[in-house]
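The values are calculated or read from the model by the stated rules, or taken from the named source; none is laboratory data. The structure presented is a predicted model; accordingly, all values stated were derived computationally and were not measured. Please note: Cβ atoms are built from the backbone with ideal geometry, for glycine as well, and neighbour counts cover all protein chains shown. These accessible areas exclude ligands, DNA and RNA; they are computed on the full protein's heavy atoms, side chains included. Shrake-Rupley method; radii C 1.70, N 1.55, O 1.52, S 1.80 Å.
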Amino acid sequence: MSNEPVGVLVIGAGASGAAFAWSIADAGMSVLCLDQGPWMKQRDYPSNGLDWEERGMGDFSTSPNVRGLPADYPVNEEDSDISPLMFNAVGGSTILWAAHFPRLTPKDFRMKSEDGVGEDWPIDYETLEPYFALNDRMMGVSGLEGDPAYPYHEPPLPPLPLGKSGNTLASGFEKLGWHWWPSDSAILSQEYEGREACINLGPCITGCAHGAKASTDITYWPVAQRKGVRVRANCRVREITVREDGMADGVLYYDEVGRLQEQKAEIVVLACNGIGTPRLLLNSKSKRHPDGLANSSGRVGKNLMFHPYAMITGIFEEPLQSRRGPMGCSFWSHEFYQTDRSREFVRGYSFEAIRGLGPVQTALWGMIHGLIPWGEDHHRSFARLYDHTATLLGIAEDLPEETNTVTLDAELTDAHGIPAPKVTYRLSENSRNMLAHAVERAKEALTAAGAVETVVDPLMRAAGWHLMGTARMGRNSTTSVVNERGQAHDVKNLFVVDGSVFVSAGAVNPTSTIQAFALYVADSIKKNIETLFDDA
Amino acid sequence: MMDTPAALNDLDFMKALLDLVIPPSASGDLPGAGALGLSPAVAEALQADPLLGPPVEVGVQAVQEAALSQHAEGLAGMTPEAGAKVVEALLATHPLLIVGILRYLSPAYYQHARVLEGIGEPPRPPFPEGFDIEATDAELLEKLRARRRA
């Protein structure tokens, strides 16, 4: 293994790192990506076995604290209302995601202008539009063109089938006259670029054994590698090093056998997600950067945003084929997305219609909610629920708050002795009111669709899929970490391309926007390479 | 004198206990959890769980002792109704007993091929065959197309 200096060093091979690396390879510089996790193999995914649901609670759990694999680092979540979720591998969390693929809406970029809260982004939807489209083609996105909630765009593939559960739920929204639209999904409805169409396995969030669901290890990385980008798996970065002049010099990392190595680079790019990125910046202290790298604003690790989720499940008399098909990708609704001053909250939420649970999850969910007893009545109660449920998720827009943070834990470390992140997060009153509203509206929709009973989880704890805001972008270097091109205000050859840069969260899954931003940053570097390190 | 095996590892007792928790269905389509021989897997999982394992083990031991005090053969010799009463009487003092057992029994039971067949599912993993699902309702799709943004 050679640690010869490289032009561009990308840390993290997930959604954003892969998109960025693929694009920046065209700049003619050598590109290397380090990831703390391994390459995954589709034959190892749980849906190859009968124990697919059980493994989703074990070695394929979305929680790093549950998995505890060598690639994982622990997260102290004791002071958080929501558990952070992620996966550490080449492909990152796209290995275990649902591939629900909405974009932020144009108004999400103008939160302060529209509603007087938070901040506006320094870029807008129109700036990212070409990158959204490019990313849709790279990932392979299925959807129905013309959703009135968005500017017109055409997904490259037709929408996935709603299935009986989706058709049933959609009929409820129709009766109420509420907006709904088949999800843009990073799952193939037809054969595409050598990958086969979805065959409705169901458990997308434990990895797609068929390869129909996009994860960057099978979308961006093969193409990036053909362009010459190198990926070094099982390598965990400890810190970013800096030169005398304050510019980034490279990284210190532990290789696959645990030896400390040094890798120098002209440009360092962070793509480690909204927890991993601030963790690494805060752990990169030096005489010149005593509070962590790129942190003169004090904003590194601040303004952590999740999407708080409420889960509202309807029980139906008819069987719904509900556990078959892509679990997280049926349709969305933006009916309550925008601010309505008559409500007790600003901003809004979306609904995501998802499919039903497998038999194991049905049994456990029914037990937790007191719906499936032990003993004589067990089978009758199970039969009433299994294949008879459909669920709406209320996805609330979290507002940025400086008290919601990622810091370094004083005691907890990973296997290499690197301080673990500590997440401090409390649900705001605004988010609480929003979720309560979502619960009531979801009950209406489910009832309109024919549900005979509804079951509510008012705040899902294990729902911290979306990690945002902890190295926010902005034009003012005293209130933000990076500029509109993802470039650190303090360190001109350091870039951030993951969800850390988000100024607001919107009320939809962020990956499409994260990847579009990563492509935009790569393009911006390519176009401005001659003046990249000049002072603004 | 032979030692009495710890309750979690007493196969006859555990078979009877698991058959109480998930009994055979009235129709006979679904076996009892004990009859499927799941107790070693459940016991192993509980013994590896630092949170649920200890309280469940204590609760299981209490059930075994209470059953033996009522019947020379313990739970295995009792009718399901009598056995259920023994368990119910101990739930107030051992509230995690059933929850803890079901945490590991449910996966073991509901991924078993015989159970999958009994609930109407093919006894195979999702991959590689996959599943067919219903197409999007054409009427719904037409309504959406009429609302499309140009």
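For region B:7-124, report the convex hull volume of the alpha-carbon atoms normalised per residue, in Å³, without decimals.
Expressed per residue, the convex hull around the Cα atoms of region B:7-124 is 93 Å³.
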Requested in this report: Considering only B:Thr79, B:Thr136, B:Thr93, give the residue with the highest GNM mean-square fluctuation for chain B, with springs between Cα atoms whenever their separation is below 10 Å.
Outcome: B:Thr136
Report task. Please state, rounded to one decimal and in Å, the Kirkwood hydrodynamic radius that region A:260-318 gives when every pair of distinct Cα atoms enters the mean of 1/r. Result -> 14.8 Å
Report summary line: In deg cm²/dmol, rounded to the nearest 500, the helical mean residue ellipticity at 222 nm of the protein assembly as shown, built from -39500 (n - 2.57) for every DSSP H run of length 4 or more, is -9000 deg cm²/dmol
Requested in this report: Show which lysines lie in cross-link reach of B:Lys85 when reach means a straight Cα distance below 30 angstrom and same-chain residues fewer than eight apart are skipped.
Outcome: B:Lys15
Query raised in the report: Tell me, what is the percent relative contact order of region B:7-124, built from C-alpha pairs under 8 Å that lie six or more residues apart?
Result: 28 percent
Query raised in the report: Hey, what angle do you get for helix B:11-21 against the long axis of chain B, alpha-carbon based, 0 to 90 degrees rounded to 10?
Result: 50 degrees
Query - For region A:18-64 and region A:239-264, distance of Cα centres in Å - result: 23 Å
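Between beta-carbons, use under 13 Å as the cut-off and find the net charge around A:Val497, counting Lys and Arg +1, Asp and Glu -1.
-2
Taking the Cα centre as origin and putting +1 on Lys and Arg beta-carbons and -1 on Asp and Glu beta-carbons, what dipole magnitude results for chain A, to the nearest 20 debye?
In total the dipole reaches around 540 debye.
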Query raised in the report: Averaged across the residues of B:118-129, what count of C-beta atoms belonging to other chains lies within 10 Å of each residue's C-beta?
Result: 6
Query raised in the report: In terms of the Cα gyration tensor, with a ≥ b ≥ c the square roots of its eigenvalues, is region A:253-361 rounded because a/c is under 1.5, prolate because a/b exceeds b/c, or oblate?
Result: oblate
**Report entry** Mean shadow area of region A:72-220, taken as a quarter of the surface of its Cα convex hull (nm²)
**Finding:** 11.8 nm²
Query raised in the report: GNM, chain B, Cα, under 10 Å: largest mean-square fluctuation among B:Ala72, B:Ala41, B:Ala26?
Result: B:Ala26
Query raised in the report: Over all distinct alpha-carbon pairs, what is the Kirkwood Rh of region A:381-536 in angstrom?
Result: 19.0 Å
Query raised in the report: Which parts of region A:27-51 would a label at B:Glu129 reach, counting a residue when its backbone N lies under 18 Å from a point 7 Å out along Cα-to-Cβ?
Result: A:47-51
Query raised in the report: Distance from the Cα centre of region B:78-106 to that of region A:143-216, in angstrom?
Result: 43 Å
Query raised in the report: Among all the aspartates and glutamates, which ones have a C-alpha under 20 Å from A:Lys285's C-alpha, if same-chain residues fewer than 8 places away are not counted?
Result: A:Glu239, A:Glu244, A:Asp245, A:Asp249, A:Glu262, A:Glu266, A:Asp409, A:Glu411, A:Asp414, A:Asp490
Query raised in the report: What pairs from A:Lys112/A:Lys213; A:Lys41/A:Lys526; A:Lys164/B:Lys143; A:Lys302/A:Lys443; A:Lys41/A:Lys422; A:Lys287/A:Lys422 go past 27 Å between their alpha carbons?
Result: A:Lys112/A:Lys213; A:Lys41/A:Lys526; A:Lys302/A:Lys443; A:Lys41/A:Lys422
Query raised in the report: Can you tell me the Rg and Dmax of region A:88-147, counting just the alpha carbons, in angstroms?
Result: 14.5, 40
Query - Chain lengthening between A:Asp26 and A:Asn65 when straightened (0.36 nm per residue, less Cα-Cα) - result: 10.3 nm
Query raised in the report: Given charges of +1 on the Cβ of Lys and Arg and -1 on the Cβ of Asp and Glu, with all other atoms neutral, how large is the dipole of region B:7-124 about its Cα centre, in debye to the nearest 20?
Result: 180 debye
Query raised in the report: Hey, which lysines would be in cross-link range of A:Lys527, C-alpha to C-alpha under 22 Å, not counting anything within fewer than 8 residues on its own chain?
Result: A:Lys227, A:Lys492
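In a shell of Cβ-Cβ distance under 11 Å around A:Pro106, excluding A:Pro106 itself, what net charge do Lys and Arg (+1) and Asp and Glu (-1) give?
That works out to -2.
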Requested in this report: Determine the relative contact order of chain A: mean sequence separation of Cα pairs under 8 Å and six or more apart, normalised by residue count, in whole percent.
Outcome: 23 percent
Requested in this report: Stick to the Cα atoms of region A:444-536, pair each with every other, and give me the Kirkwood hydrodynamic radius in Å at one decimal.
Outcome: 15.7 Å
Query raised in the report: When the label point is put 7 Å from the Cα of A:Arg461 along its Cα-to-beta-carbon vector, which residues of region A:53-69 have a backbone N closer than 16 Å?
Result: A:62-67
Report task. Mind checking the per residue accessible area of chain A for me, 1.4 Å probe, whole number of Å²? Result -> 33 Å²
Report summary line: Pseudo-spin-label distance A:Asp245 to A:Lys175, built 7 Å along Cα→Cβ, given in nm, is 6.9 nm
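Express the accessible area of region B:7-124 per residue in Å², computed with a 1.4 Å probe while the remaining protein chains stay in the model.
On a per-residue basis, 44 Å².
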Report summary line: Dividing the alpha-carbon radius of gyration of the protein assembly as shown by 2.2 N^0.38 Å, where N counts its residues, gives 1.00
Query raised in the report: Counting pairs of alpha carbon atoms under 8 Å apart in space and at least six apart in sequence, what relative contact order in percent does region A:82-127 give?
Result: 23 percent
Requested in this report: Using only Cα atoms, tell me the angle between helix B:53-70 and the longest principal axis of chain B; keep it within 0 to 90° and round to the nearest 10.
Outcome: 50 degrees
Report task. Quantify, in whole percent, the carbon and sulfur part of the accessible surface of the protein assembly as shown (1.4 Å probe; protein heavy atoms only). Result -> 50 percent
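Please list A:Thr206, A:Thr127 in order of solvent-accessible area, largest first, computed with a 1.4 Å probe with all protein chains present. Let's see the in-between values first.
Values: A:Thr206 10, A:Thr127 50 Å².
These residues rank, largest area first, as A:Thr127, A:Thr206.
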Query raised in the report: Using a Förster distance of 25 Å, how high is the FRET efficiency between A:Thr447 and B:Lys143, based on the Cβ-Cβ distance and rounded to 0.05?
Result: 0.75
